[in-house]
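Q: Sharing a structure here in structure tokens format.
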Amino acid sequence: MRILAIETSCDETAIAIVETEGELPSITLRVLADNTLSQIDIHKEYGGVFPMIAKREHARALVPLLIKTLDDAGLKRETSRHVIESPLRAEFQEILEKEPELFTQFVTKIPDITPPEIDMIAVTRGPGLEPALWVGINFAKALAHLWNLPLVPVNHMEGHLLAPLLKRKEDGTTHLAHDTFPAVGLLVSGGHTELVPMEGWGKYRVIGTTRDDAVGEAFDKVARMLGLPYPGGPEIARLAQNGTPGVYPLPRPMLHSGNYDFSFAGIKTAVLYTVQKIDTPSETQKADIAREFEDACVDVLTAKTLRAVEEFGARSVIVGGGVSANASLRARMAHDLGARFPDVSLEIPKPGLSTDNALMIAIAACFNTPDPKARTMRAKGNWKISETVTD
Ligand code: KG4
Ligand code: ZN
């Protein structure tokens, strides 16, 4: 089965096409194309992501990105030019009512392509920035209508959780690791910090979340305090490499709270006080602060994950989301897990699959059946991973 997946929940416009073979649990997956277009350079100027700018950029990028992705996948066939005429044109105008620029590109460029050999369209329904999500959803609805294809709403966080399970075999094909359950999932991104015991595909429960900032958000805010550009995670990580731990001690909130919740606002505020006291920190001081901040986050994330491994008798730990790109988190998780639970495997995304992408949406789509109601789906900015597709 060929799946075309679309992701526009935040500041990356992404489209991927995969071909799956076999049934659960042993699915083989061929990545035919996987493209991500980052808006980071635009948002950098503002120090963060502005939903309406993200929406505008997605609307501009989607049609050219789709054409490129079909081309990469070898599925783009030009057809003799035909025009979408009324009343069909009016239907697309209605679907893309809120995105006039996308509508114009859609009706002028897409009809030049022969309907590709695709079996299903998957799109991120949430969580994320609603104006941004809507662009991808409306585009997916329009394509599904034009090509008469089933539509699958995908939870972005399920994508982050399943991306680490993509494994490449020696012959270059990829498959999904299926001997990983029960697992403990740790979701760490710009909007989420969650501990998610996973009994199997689609069986997720959230046992802990952050009470304030998400860990990625804290990285971004601390970076701003240190005068570093958005997104702050990679910048802090780079600085921290040269920092000395413990020079500016920071708290480890909720480390011994006895539950699985997190809190990162306290660490962030402690950094603010530290920076204010120093006035204008030198590069060395910045590196020491970055190091201590990263250590504080990693300490809490690792300790709570390991406690969950013990309680749930997990066979694996799956770390997903943008912050899973953090080398220090990866190293500590591997070290501590190896020391305490040597039989438990650690599943972490391949480079490029940590931060937002559409391949993870295609992967998650394998475990969600097309929903007949999807043609009328609405974006859901706070969609919980433990809710079902139709919630
Ligand atoms: O998953 P993602 O791409 O988007 C959301 O769904 O939020 O995550 C983005 C977050 C940002 O906060 C970014 O600063 C953080 O992931 N991030 C990192 C690293 N790379 C990205 N945080 C720490 N270390 C990194 N290397
Ligand atoms: Zn994400």
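The values are calculated or read from the model by the stated rules, or taken from the named source; none is laboratory data. These numbers were taken from a predicted model, which means no experiment stands behind them. Cβ sites come from the backbone with ideal geometry, for glycine too, and all protein chains shown count toward neighbours. Only protein heavy atoms, including side chains, enter the accessible area calculation; ligands, DNA and RNA are left aside. Shrake-Rupley method; radii C 1.70, N 1.55, O 1.52, S 1.80 Å.
Q: Restricting attention to the range 226-244, and to residues there that are hydrophobic (A, V, I, L, M, F, W, C) and either in contact with a Ser or Thr (Cβ under 9 Å, 6 or more places away or on another chain) or outside any helix (DSSP H, G or I) (or both), which single residue is nearest to ligand 1 (Cβ to nearest atom)? Before the answer, list the steps.
A: To start, the set of residues in the range 226-244 that are hydrophobic (A, V, I, L, M, F, W, C) comprises 226, 228, 236-237, 239-240.
Those left that are additionally either in contact with a Ser or Thr (Cβ under 9 Å, 6 or more places away or on another chain) or outside any helix (DSSP H, G or I) (or both): 226, 228, 237, 240.
Numbers: L226: 13, L228: 10, A237: 4, A240: 9 Å.
If we take residues in the range 226-244 being hydrophobic (A, V, I, L, M, F, W, C) and either in contact with a Ser or Thr (Cβ under 9 Å, 6 or more places away or on another chain) or outside any helix (DSSP H, G or I) (or both), then A237 is nearest to ligand 1 (Cβ to nearest atom).
Q: May I pose another question? Kindly establish whether V300 is buried (at least 21 other Cβ atoms within 10 Å of the Cβ), closer than 24 Å to D11 by Cα and hydrophobic (A, V, I, L, M, F, W, C). Full working, then the answer.
A: Numbers: buried (at least 21 other Cβ atoms within 10 Å of the Cβ): yes; closer than 24 Å to D11 by Cα: no; hydrophobic (A, V, I, L, M, F, W, C): yes.
Judged against the criteria, V300 is not a match.
Q: Moving on. Which numbered condition trips up I67, out of (1) part of a helix (DSSP H, G or I); (2) crowded, with 20+ Cβ neighbours inside 10 Å?
A: It is condition (2) that I67 fails.
Q: In the range 262-287, how many residues are in contact with a strand residue (DSSP E or B) (Cβ under 8 Å, 6 or more places away or on another chain) and open to solvent by 30 Å² or more (accessible area, probe 1.4 Å)?
A: Of the residues in the range 262-287, the ones in contact with a strand residue (DSSP E or B) (Cβ under 8 Å, 6 or more places away or on another chain) are 262-264.
Checking the rest, the ones that are also open to solvent by 30 Å² or more (accessible area, probe 1.4 Å) come to none.
The total comes to 0.
Q: Hey, another quick one. Considering only residues that are hydrophobic (A, V, I, L, M, F, W, C) and in contact (Cβ under 8 Å) with a residue 24 or more places away in the chain, look in the range 214-227 and name the one that is nearest to P127 (Cα to Cα).
A: By that ranking, first place goes to A214.
Q: How about the range 21-42: which of its residues are away from ligand 1 (no atom under 16 Å from the Cβ) and either of a type in the set (G, A, S) or open to solvent by less than 20 Å² (accessible area, probe 1.4 Å) (or both)? Walk me through it before giving the result.
A: Residues of the range 21-42 away from ligand 1 (no atom under 16 Å from the Cβ): 21-33.
Within the range 21-42, G22, S26, I27, L29, A33 qualify.
Q: Right, next: Within the range 338-350, does at least one residue satisfy the condition of being within 16 Å of ligand 2 (Cβ to nearest atom) and among the charged types (D, E, K, R)? Write out each step before concluding.
A: So the first thing to find is which residues in the range 338-350 are within 16 Å of ligand 2 (Cβ to nearest atom), and the list is 348-350.
When the remaining residues are screened for being among the charged types (D, E, K, R), the result is 350.
Looking for residues that are within 16 Å of ligand 2 (Cβ to nearest atom) and among the charged types (D, E, K, R), one finds at least one in the range 338-350, hence yes.
Every residue, every condition in (1) within 16 Å of ligand 2 (Cβ to nearest atom); (2) open to solvent by 10 Å² or more (accessible area, probe 1.4 Å); (3) in contact (Cβ under 8 Å) with a residue 12 or more places away in the chain; (4) not acidic (D, E), yes or no:
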{"position": "L146", "(1), (2), (3), (4)": "no, yes, yes, yes"}
{"position": "L161", "(1), (2), (3), (4)": "yes, no, yes, yes"}
{"position": "L187", "(1), (2), (3), (4)": "yes, no, yes, yes"}
{"position": "G190", "(1), (2), (3), (4)": "yes, yes, yes, yes"}
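Q: I've got another one for you. Take the range 318-337 and flag every residue that is within 16 Å of ligand 2 (Cβ to nearest atom), in a helix (DSSP H, G or I) and either among the small types (G, A, S) or touching a Ser or Thr at 6+ places or on another chain (Cβ under 6 Å) (or both).
A: Scanning the range 318-337 gives G322, S324, A325.
Q: Let me ask you something else. Might you check whether a residue that is more than 16 Å from ligand 1 (Cβ to nearest atom), out of contact with any Leu (no Cβ under 9 Å at 6 or more places or on another chain), closer than 29 Å to G128 by Cβ and hydrophobic (A, V, I, L, M, F, W, C) occurs anywhere in the range 251-258? Break it down stepwise before answering.
A: Going residue by residue through the range 251-258, those that are more than 16 Å from ligand 1 (Cβ to nearest atom) are 251-258.
After this cut, where a residue has to be out of contact with any Leu (no Cβ under 9 Å at 6 or more places or on another chain) as well, the list is 251-258.
Keeping just the survivors that are closer than 29 Å to G128 by Cβ gives 253-254, 257.
Subset that is hydrophobic (A, V, I, L, M, F, W, C): 254.
Yes - at least one qualifying residue is present in the range 251-258.
Q: With the requirement that a residue be in contact with a Lys or Arg (Cβ under 7 Å, 6 or more places away or on another chain) and within 16 Å of ligand 2 (Cβ to nearest atom), what does the range 215-244 give you?
A: Quick first cut of the range 215-244, residues in contact with a Lys or Arg (Cβ under 7 Å, 6 or more places away or on another chain) only: 218, 221-222, 226, 229-230, 232, 239-240, 243-244.
Those that are in contact with a Lys or Arg (Cβ under 7 Å, 6 or more places away or on another chain) and within 16 Å of ligand 2 (Cβ to nearest atom): A218, Y230, G232.
Q: Out of the residues in the range 70-87 that are charged (D, E, K, R) and assigned to a loop (DSSP other than H, G, I, E, B), state the one that is modelled with the lowest pLDDT.
A: Here the residue is R81.
Q: Can you run down the residue pairs with Cβ atoms below 6 Å, 6 or more apart or on separate chains, where the first is in the range 310-323 and of a type outside the set (D, E) and the partner is open to solvent by 60 Å² or more (accessible area, probe 1.4 Å)?
A: G322/T355
Q: On to the next question. Give all pairs with beta carbons closer than 8 Å in which a residue from the range 374-388 that is part of a loop (DSSP other than H, G, I, E, B) meets a residue that is hydroxyl-bearing (S, T, Y); count only pairs at least 6 apart in sequence or on separate chains.
A: Every condition considered, the pairs that remain are I385/Y204; S386/Y204.
Q: Quickly run through the range 217-261 and pick out the residues that are under 17 Å from G321 (Cβ atoms) and among the β-branched types (V, I, T).
A: I236
Q: Then there's this: Scanning the range 348-385 for residues that are of a type in the set (S, T, Y) and under 16 Å from the mean Cα position of the chain (by Cα), which turns out least open to solvent (accessible area, probe 1.4 Å)?
A: Looking at residues that are of a type in the set (S, T, Y) and under 16 Å from the mean Cα position of the chain (by Cα), I get S354.
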